[in-house]
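Undergrad: Here you go, one structure.
The values are calculated or read from the model by the stated rules, or taken from the named source; none is laboratory data. All values reported here derive from a predicted model rather than from experimental measurement. Positions of Cβ are generated from backbone atoms using ideal geometry, with glycine treated the same way; all protein chains shown enter the neighbour counts. Quick note on the areas: whole protein, heavy atoms, side chains included, nothing else; ligands and nucleic acids left out. Shrake-Rupley method; radii C 1.70, N 1.55, O 1.52, S 1.80 Å.
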Amino acid sequence: MSTHSSPNQTPVRDHVMLVDGNACAPSSFCSESCPPGYRQSVRKGWPVCCFACVPCSAGEISIETDSPDCWPCPEDRWPNEERTRCDITTLQFLSLEEPLGITLSCLTSLLFLITLFVLCIFKKYQDTPIVKANNRELSYVLLIALMLCFLSPFTFIGHPMRATCMIRQNSFGIIFSISISTILAKTITVIIAFNARDPTSCSSGWLGTRMPSAVVLLCSFAPVLICTIWLLLDPPYPVKIQIQDTTIIQCEKGSVLFFYLMLGYLGLLATVSFVVAFYARNLPQSFNEAKFLTFSMLVFLAVWISFIPAYLSTNGKYLVAVEIFAILSSSAGLLGCIFIPKCYIIIWRTDMNTKQYLMQRPITK
């Protein structure tokens, strides 16, 4: 058989192959056969029998020779290097079954139990001068908030789901805002207590529960509002990122604006608390704990400032591990700087936990 070509068309030579005396379909000399892992692609300006062999796109395979199309692999599978079959992919997320997840879970549980132990100590010795200093109710609120901070990493561990993704960042922002606003309220209490020398003055009236409660409620209202709007408009959600044969499952922020708005507010609140505590650190007050509040906020700011570059340079389960470490270390800094010195006096230095001793020798705690 011969093929006649027009002057404007590239000639193609075909021939009839005889097998056992039977004629076969003509074979083209302008194209090679496409192996599995490739698909046929028509060449523009060439005859229909002329085609190019194009590799299958990422996530697709072909298992036949001269396949006209490629087919995508299921969600839990990824093509091999030859793109001739779909292999099971490796799912990557911070799991409770791996050493990193187990270590962080154990550390989280230990810090939670330590905080619960401190709360029990404060409750048992609630009528002693050390506990009553600087508003013991605020100390209870701060300890409960720190316990919730130590529990929040459990929402970061495990297979990301829509519910856990929505809870992670929002609970973190609200709980930390309560913790920092409580520290700010404790510091303001120190300042007002020192300046309100006249018991009948207007400022002394705010030394009850009204002023601390107002500070905590007002400072905590903004992140609640931010997180509520965030959840309504564009909440976080789980996504899958395919990197070769590994599927990274992580939570996408949703609205980046509200995420950084929340972080910015926490940074502003922590900075204000640090400045106020730094101002009150040298007030000559027997029950002044402003020095420890100042140091606790300094540790808090240092942890989160160093967290930002690490957060931006990691991905997958290591990104989650960095965020958990930042939550645990900053919360442990607040617990250690504010409450451990007081627990030391309550348990081992009972001679210092008397009103007479504190009134004779102004100390900080």
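Undergrad: Among all residue pairs at least 6 apart or on different chains, which show Cβ distances below 6 Å where the first residue, located in segment 58-87, is on the phi > 0 side of the Ramachandran plot and the second is among the aliphatic types (A, V, I, L, M) and surrounded by 13 or more Cβ atoms within 10 Å (Cβ to Cβ)?
TA: What qualifies is R83/I61.
Residues checked against (1) within 24 Å of I327 (Cα to Cα); (2) surrounded by fewer than 19 Cβ atoms within 10 Å (Cβ to Cβ):
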position	(1), (2)
C50	no, yes
C53	no, yes
C70	no, no
E82	no, yes
C86	no, no
S95	yes, yes
L107	yes, yes
C120	yes, yes
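Undergrad: Give the residues of segment 286-338 that are open to solvent by less than 30 Å² (accessible area, probe 1.4 Å) and assigned to a loop (DSSP other than H, G, I, E, B), sorted by residue number.
TA: S286, N288, E289, G316
Undergrad: Is it the case that some residue within segment 37-47 is within 36 Å of the chain's Cα centre (by Cα), open to solvent by less than 30 Å² (accessible area, probe 1.4 Å) and more than 29 Å from S152 (Cα to Cα)?
TA: No, segment 37-47 contains no residue that is within 36 Å of the chain's Cα centre (by Cα), open to solvent by less than 30 Å² (accessible area, probe 1.4 Å) and more than 29 Å from S152 (Cα to Cα).
Undergrad: Just one of (1) open to solvent by 10 Å² or more (accessible area, probe 1.4 Å); (2) at pLDDT 85 or above trips up S273, so point out which.
TA: (1)
Undergrad: Can you work out which of the residues in segment 154-166 that are surrounded by fewer than 19 Cβ atoms within 10 Å (Cβ to Cβ) and among the aliphatic types (A, V, I, L, M) is nearest to V224 (Cα to Cα)?
TA: The extreme case among them is A163.
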